[in-house]
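*Asks:* Right, I'll just put the structure down here and ask away after.
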Amino acid sequence: MTNTRYSIASLLLVWMLAAPFAQAGEPPGTKVVKDQIDAMEKRLKSVAASGDLQALSEIYTPDFVDIHGSGWIYSREESIELKRNNSRRAPGLKVIKSQESGWRTIVYGEDCAVVTGLSETYFEVPNPQDLAVKAGTLTRAPASAQPAAEQPSASDPTDAPAPNPYRIRSTRVWVRMQGQWRLALSQATRVGARVHPGH
């Protein structure tokens, strides 16, 4: 009787430990890899925001491929140089709002993972009339100008004209090389407005 109790207890313990993996449909170790990739994604964004190109080059694999939303393909060296040149340019449009959705990590064994998701950014778009006044090409507002109360609020990104929202579907391939996670491929696809059939 005692042996039967131990056997039942052992089976229950095994079932309790295995249940989460069976429900998730993921092999053991997948969560560990996902956590590591999440950490690398955070590091990638932090390094990119800081402009540390040396640290960025250490994240990329030697044969890194960077595919932009334009369709142009850049090598590791070309991608680093492009980021260096962009950092020297005048500041671009101010970001009002940025959000991400649908991000997920798919693990392929212990040494490869794919990350994909959608980023949506709203920019502050300058008023052409204000730009003209600052440039000295428009010295007074036209008679047809809307009252200030009727003009869209600059603080509300949904009222801003194109390019808002700027949507990018990103896919990144991470590989483990000599024990270190490195980025092998990054692709960004511009997502436009959905076109319905017949329109």
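*Asks:* In straight Cα distance, which lysines are under 24 Å from K34, not counting same-chain residues fewer than 8 positions off?
*Replies:* In chain and number order, the partners are K42, K45.
*Asks:* Which net charge results when you count Lys and Arg as +1 and Asp and Glu as -1 among the other residues whose beta-carbon is under 12 Å from that of M177? Don't skip to the answer; put the middle values down first.
*Replies:* Working: positive: R176, R182; negative: E58, D63, D111.
Charge balance near M177 sits at -1.
*Asks:* At 7 Å along the Cα-to-beta-carbon direction for both R176 and Q99, put a label point, then send me their distance in nm to one decimal.
*Replies:* That separation, rounded to one decimal, is 3.6 nm.
*Asks:* Let me ask you something else. Test of understanding: what is the full-extension gain from E26 to E58, defined as 0.36 nm times their sequence separation minus their Cα-Cα distance? Write down the numbers at each step before the final one.
*Replies:* Values: separation 32, 0.36 × 32 = 11.52 nm, distance 3.02 nm.
Gain on extension, E26 to E58, equals 8.5 nm.
*Asks:* To continue, here is another question. Going by how many other Cβ atoms sit within 10 Å of their own, how do T30, T189 line up, fewest first? Kindly include the intermediate steps, with their values, before the conclusion.
*Replies:* On the way: T30 18, T189 15.
Fewest-to-most Cβ neighbours within 10 Å comes out as T189, T30.
*Asks:* Continuing with the same structure: Please give the net charge around Q187, taking every other residue with its beta carbon less than 14 angstrom from that of Q187, where Lys and Arg add +1 and Asp and Glu add -1. If you can, show how the numbers build up before the last one.
*Replies:* On the way: positive: R169, R172, R190; negative: D66.
Computed value for this residue: +2.
*Asks:* Let me ask something else. Compute the Cα gyration tensor for region 38-115, then decide on rounded, prolate or oblate, letting a ≥ b ≥ c be the square roots of its eigenvalues: rounded whenever a/c is under 1.5, prolate when a/b is larger than b/c in the other cases, and oblate in all that remain.
*Replies:* Working: a/c = 1.72, a/b = 1.27, b/c = 1.36.
In terms of gyration-tensor shape, oblate.
A short reminder: the numbers here are calculations on the coordinates, not readings from a lab. Computed from a predicted model, the values in this text were never measured in an experiment. FYI the Cβ positions are ideal-geometry reconstructions off the backbone, even for glycines, and counts take in every protein chain you see.
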